[in-house]
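**Student:** Following this message is one structure expressed as structure tokens.
The values are calculated or read from the model by the stated rules, or taken from the named source; none is laboratory data. Just so we're clear, the structure is a prediction, and the values are computed from it rather than from any experiment. We place every Cβ from the backbone using ideal geometry, glycine too, and count neighbours over all the protein chains shown.
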Amino acid sequence: MGKNKTPAALALAASLLIILAFAAVLTVPAWREAFKTASADHPYIMGFIKFALLATVDEVLALRVKRAQNALPCFIGWRMLIWGLIGVAITFMMKTYSFGVSGPHLWRPTNARTNTLSFAMRVKKSPAFAGW
């Protein structure tokens, strides 16, 4: 007859359930505070979970829109792992850059010439400013 579409239909249902769960966490004040506390206490684990779930949901929904039928992306487990690792990397970069901007070592008001030279050297070596 036809292909068994049960796993793809379950993936779409799971995707919608994950979206609704994230919406509930962000709208219920007590859950939102717990989510913010967990994100502050364990930023890398939460970055992994958020990216793994939401990016994979995005891929499932994009495939649904593109093919106009329920379908699962190839190697969905590996994709979740890769998205999670990207989430950890982005969380790490955000923490690093936020400290670099507000860190006490960046600006010493005693010597403006040294500060300008120090800032220029940091900009030159930073991968964020590689396009300059």
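**Student:** Residue by residue through region 37-49, note down the ones that are loosely packed, with under 13 Cβ neighbours inside 10 Å and assigned to a helix (DSSP H, G or I).
**Tutor:** Of everything in region 37-49, those that are loosely packed, with under 13 Cβ neighbours inside 10 Å and assigned to a helix (DSSP H, G or I) turn out to be Thr37, Ala40, Asp41.
**Student:** Going by what's in this entry, would Thr56 be described as surrounded by fewer than 12 Cβ atoms within 10 Å (Cβ to Cβ) and of a type in the set (S, T, N, Q)?
**Tutor:** When the stated conditions are applied, Thr56 does not pass them.
**Student:** Still on this model: Among residues belonging to region 1-55 that are under 30 Å from Asn70 (Cβ atoms) and among the basic types (Lys, Arg), point out the one that is modelled with the highest pLDDT.
**Tutor:** Checking each candidate, the answer is Lys50.
**Student:** Quick one: is Met94 of a type in the set (A, V, I, L, M, F, W, C) and modelled with pLDDT of 85 or more?
**Tutor:** So Met94 fails the test.
**Student:** Then there is this: Just give me the residues in region 47-63 being touching a residue at least 40 places away in the same chain (Cβ under 8 Å) and hydrophobic (A, V, I, L, M, F, W, C), in sequence order.
**Tutor:** Within region 47-63, Phe48, Val57, Val60, Leu61 meet the criteria.
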